[in-house]
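Before I ask anything, let me first share the structure, which is written out below as structure tokens.
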Amino acid sequence: MIKIKPTDGDNMARIEPVSVENAAEKIDKLNDEYARKLKLNNMKRTLLHNTTAFDALMGFHKLCDEAKSFLSELDVNLFCYAISFENDCMVCSAVFKSFLDEQGVDFDTLIMTPVEQALISFGRIIADNPHEVFDDQIEELREFFSDEQIVVLTSLAAMMVASNIINTVLDVEI
């Protein structure tokens, strides 16, 4: 269950996202074709207050693409949803829930494959307490993934948690 934190009643973002026009200008200055293709949601527009912060967190999308070289899009979405839900990030949970809905998947009733179970377990542990990722968890992942792929998954999880933190701390609106 996602915990709802108390607010002062206004539910406003702590830092207003930059305008769409200003965001487009900042992305143009980055001279990054990859960044130009991204949908400018409120988190990205908030990060564009500083292009270094934006560039760092947008590595998430490149890691998603890398993960899709050995996982299905559904598996990537399940992994990211499990992390965001466990981390109580309302924004990212809602985004990945909508992706799952678009794919016709109900997370709560899905009969998961062993790969999906391993991914979700790994993601939840990282979100809850990365100090509790033990050797047996890594060995379970090795049944399905190479060391390089485990590095990609761990990096993707780290970027997902970073996105969760940005959205939660700055009260980014969905």
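Which members of the range 96-111 meet the condition of being of a type outside the set (Gly, Ala, Ser) and under 20 Å from residue 64 (Cα atoms)?
96, 97, 99, 100, 101, 102, 103, 105, 107 - these are the residues of the range 96-111 that are of a type outside the set (Gly, Ala, Ser) and under 20 Å from residue 64 (Cα atoms).
Separate question: Could you tell me whether the range 121-144 includes any residue that is assigned to a loop (DSSP other than H, G, I, E, B), among the aliphatic types (A, V, I, L, M), out of contact with any Pro (no Cβ under 6 Å at 6 or more places or on another chain) and surrounded by fewer than 15 Cβ atoms within 10 Å (Cβ to Cβ)?
Taking every residue of the range 121-144 in turn, none turns out to be assigned to a loop (DSSP other than H, G, I, E, B), among the aliphatic types (A, V, I, L, M), out of contact with any Pro (no Cβ under 6 Å at 6 or more places or on another chain) and surrounded by fewer than 15 Cβ atoms within 10 Å (Cβ to Cβ).
Residue-wise test of (1) assigned to a helix (DSSP H, G or I); (2) more than 30 Å from residue 114 (Cα to Cα).
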residue: 35; (1), (2): yes, yes
residue: 43; (1), (2): yes, yes
residue: 53; (1), (2): yes, yes
residue: 60; (1), (2): yes, no
residue: 71; (1), (2): no, no
residue: 82; (1), (2): yes, no
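If you scan the range 145-174, which residues turn out to be in a helix (DSSP H, G or I), among the polar types (S, T, N, Q) and over 14 Å from residue 85 (Cα atoms)?
Across the range 145-174, the qualifying residues are 149, 154, 155.
Residue-by-condition table, conditions (1) of a type in the set (Lys, Arg); (2) surrounded by fewer than 16 Cβ atoms within 10 Å (Cβ to Cβ); (3) over 12 Å from the mean Cα position of the chain (by Cα):
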position: 63; (1), (2), (3): no, no, no
position: 66; (1), (2), (3): no, no, yes
position: 72; (1), (2), (3): no, yes, yes
position: 80; (1), (2), (3): no, no, no
position: 85; (1), (2), (3): no, no, no
position: 95; (1), (2), (3): no, no, no
position: 98; (1), (2), (3): no, yes, yes
position: 102; (1), (2), (3): no, yes, yes
position: 107; (1), (2), (3): no, no, yes
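Which pairs do you get when a residue that is without any contact (Cβ under 8 Å) to a residue 24 or more places away in the chain, found in the range 31-51, comes within reach of a residue that is of a type in the set (Lys, Arg), reach meaning Cβ atoms under 8 angstrom, with the pair 6+ apart or on two chains?
From the range 31-51, the pairs are 38/44.
Laboratory data are not the source of any read-out in this text; all were calculated from the coordinates shown. This structure is a prediction, so every number in the text was calculated from the model and none was measured. Backbone-built Cβ (ideal geometry, glycine too); neighbour counts: all protein chains shown.
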